[in-house]
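The values are calculated or read from the model by the stated rules, or taken from the named source; none is laboratory data. None of the values given here were measured: they were computed from a predicted structure. Cβ: placed from backbone, ideal geometry, glycine included. Neighbour counts: every protein chain shown.
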Amino acid sequence: MVQAIEAKALTRVFGNKKGKGPLIALENVDLNVAEGELFGLLGPNGAGKTTFIKILATLLLPSFGEVKVLGHDVVLEAQKIRPRINMVSGGETSGYGLLTVKENLWMFSQFYGIPGKEAKRRIDEMLATFGLEDKANAKVRTISTGQRQKMNVVRGFVTDPDLIFLDEPTLGLDVNASIAIRNYIRHWVKDTTGKTVLLTTHYMAEADFLCDRVAIIDQGRILACDTPANLRRSVRRASIFTLATTPFDGITGLGGLPGVSGFESTTSEGRVEMRFSLEDESVIADIVSFVTARRAKVLSVSKGEPTLEDVFIQLVGRALG
Amino acid sequence: MIDWKLNYRALLGRAYPRIIGASREPSWMLFDIVLPLLGIAAFIYYYRAMGAPEVFTGFVVLGGVMTAFWLNVLWSMATQFYWEKETGNLQLYMLAPMSRMAVLGGMAVGGIFFTTIRAASTFILGFLVFGVQLQVSNLGGLVATFCLTLFALYGMGMMFSSLYMLYGRGAWHLSNLLQEPIYLVSGIYFPVKQLGFWTALTASVIPITLGLDAMRQLMFASPSVQGFLPVEVEALVLAALAVLFLIGARYSLRYMEYLGKREGRLTMRWQ
């Protein structure tokens, strides 16, 4: 199998800053992504996702380890990698507000040497795909956040890269814009040969919907890497319960109960929603006892199927967001 | 191997926002033509009140014209990578396969185009309003000197831009340091020879010093015009400066890019 990304013992350390010690952003990361794969990287803020992407995109040097992208070393052969990759980040404000959407896209296409007519053909085609034809001649500073992000996605794909890095591409977008972007990404990988996507996201459902494989990363280390189905299966041994109660003190104590392997909670409007990953179903009785002993009222209890979120909670010990 | 076609396209691509920008913000006519003219007028009336030779009026207008290029180099070339980094464009430039010199070249070409319109407007209006008499002794030499000055000036801007790429706001002080003192040491509004040989020689590192001096000698054939050095020598020094700055820009940019990649400073902290 041809590998689009190969990272061996990749470590990235950021230097001392005003008395703080060195920050280890990535620690001994071993990861391979095959050509044609839609690969997801899931992790909380500061987990090392963006650092990883920036090293792969030749924007940052690794401190230790070996990294190859499309068969080329990121340190020694960056020039061979760059024509074949592109990157889109969520909330990106690149381009120039004075230029129109079409002009901005044309400008970025020129940095990849795409002939003018071909660039214009691709831009028109992709603007139509994203429903942005009517904004083609609008100045970038006048369009909405969602439209701007769609433009950014077009910018990334218009150069027809073999490997694209999508760093939280649907961050802060409404449902329709997110769906349009997800569908495009999915079709781009599946309908063409040899195209690879590395996607980082906060959204578990997005990773579940899009990715062939997912790696869970936290504090610079890869904790698990498999297909979403296999990852879910790995926590199926555990029982997933959702419990709603009235508010009570000492809620964090629930995470330390014997048999509780994952726990997260949210409180709103006099209601506490808790999600548990339990080693055994019988533990739910202890949890209910814990709650009622604190004079809280149980509003509902339900058993559910594990999601990527449960996988994440079990591995990391806390929720993503 | 250098991909000339790619770099040519990249250069045009980067020049485009500056070229088209000139027509998209009409307010520039007020800020870039009328206001500089007022600054020039102050010096002209000052010289006239002192009874200075009339040729000084021409000196001031030419100084005002070249100031436009100097400010463009300082604030739109040298500092540009700071802004590009803020908006996220810089990382996209660094990600793309074209030469970084093509990006800088595009910024320079676009900047020269935009500023030439402004400078030409100041030149024409200045000469019409203040009745400056030209006595051009060598038109070809004048055009060549002007082009050499721009090459050297924008080459210097390209070299400085690599500093901004890495040091961001820290490099801002450099621009502040260079802006006001240069009005004095480069002889923007008076013949630089008045400063004495060593000061003028030191100031010659800034291409606008010798460029202005040479152009004044070629534009105003008057006994009052006493150049700092012969025009031929000044042209040679400008050519040498242009080559040095361009080579310096290439290597400095490469080194700063390496440092930026090593220290993680090519991209925004929040990203």
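Could you pull out every one of the helices (runs of 4 or more DSSP H) wholly within segment B:152-271 that has 2 or more residues that are within 14 Å of another protein chain (Cβ to nearest Cβ), more than 30 Å from B:Thr57 (Cα to Cα) and among the acidic types (Asp, Glu)? Working first, answer last.
Details: elements: B:172-185, B:197-203, B:207-219, B:231-263.
Here the list reads B:231-263.
Here B:Asp32 meets each of (1) closer than 20 Å to B:Phe114 by Cβ; (2) assigned to a helix (DSSP H, G or I); (3) over 18 Å from the mean Cα position of the chain (by Cα); (4) more than 10 Å from chain A (Cβ to nearest Cβ) with one exception, condition (3).
Being in a strand (DSSP E or B), in contact (Cβ under 8 Å) with a residue 24 or more places away in the chain and surrounded by fewer than 22 Cβ atoms within 10 Å (Cβ to Cβ) is the filter here; which residues of segment A:58-105 pass it?
Listed by number, the residues that qualify are A:Phe64, A:Gly65, A:Glu66, A:Lys68, A:Thr100.
The number of residues in segment A:211-236 being over 13 Å from A:Thr307 (Cα atoms) and of a type in the set (Lys, Arg) comes to 2.
Looking across segment B:2-21, just one residue is free of Cβ contacts under 8 Å to residues at least 12 places away in the same chain and touching a Leu at 6+ places or on another chain (Cβ under 9 Å), and that is B:Ile20. Just checking, which of A:Thr170, A:Thr129, A:Thr159 is buried (at least 20 other Cβ atoms within 10 Å of the Cβ), within 25 Å of the chain's Cα centre (by Cα) and more than 14 Å from chain B (Cβ to nearest Cβ)? After applying the criteria, what remains is A:Thr170.
When only residues in segment A:137-155 that are buried (at least 21 other Cβ atoms within 10 Å of the Cβ) and not charged (D, E, K, R) count, which is farthest from the chain's Cα centre (by Cα)? Only one residue fits best here, namely A:Val140. In segment A:109-121, the residues that are over 16 Å from A:Pro161 (Cα atoms) and at pLDDT 95 or above reach residues that are of a type in the set (A, V, I, L, M, F, W, C) and surrounded by 13 or more Cβ atoms within 10 Å (Cβ to Cβ) with C-beta atoms within less than 7 angstrom, at least six apart or across chains, in these pairs: A:Lys120/A:Trp106. Scanning segment A:174-202 for residues that are part of a loop (DSSP other than H, G, I, E, B) and either of a type outside the set (Asp, Glu) or free of Cβ contacts under 8 Å to residues at least 12 places away in the same chain (or both) gives A:Thr192, A:Thr193, A:Gly194, A:Lys195, A:His202.
Kindly provide the set of residues from segment A:218-256 that are touching a helix residue (DSSP H, G or I) at 6+ places or on another chain (Cβ under 6 Å) and not in a helix (DSSP H, G or I), ordered by number. Of everything in segment A:218-256, those that are touching a helix residue (DSSP H, G or I) at 6+ places or on another chain (Cβ under 6 Å) and not in a helix (DSSP H, G or I) turn out to be A:Asp218, A:Leu223, A:Ala224, A:Val235, A:Ile240, A:Phe241, A:Thr245.
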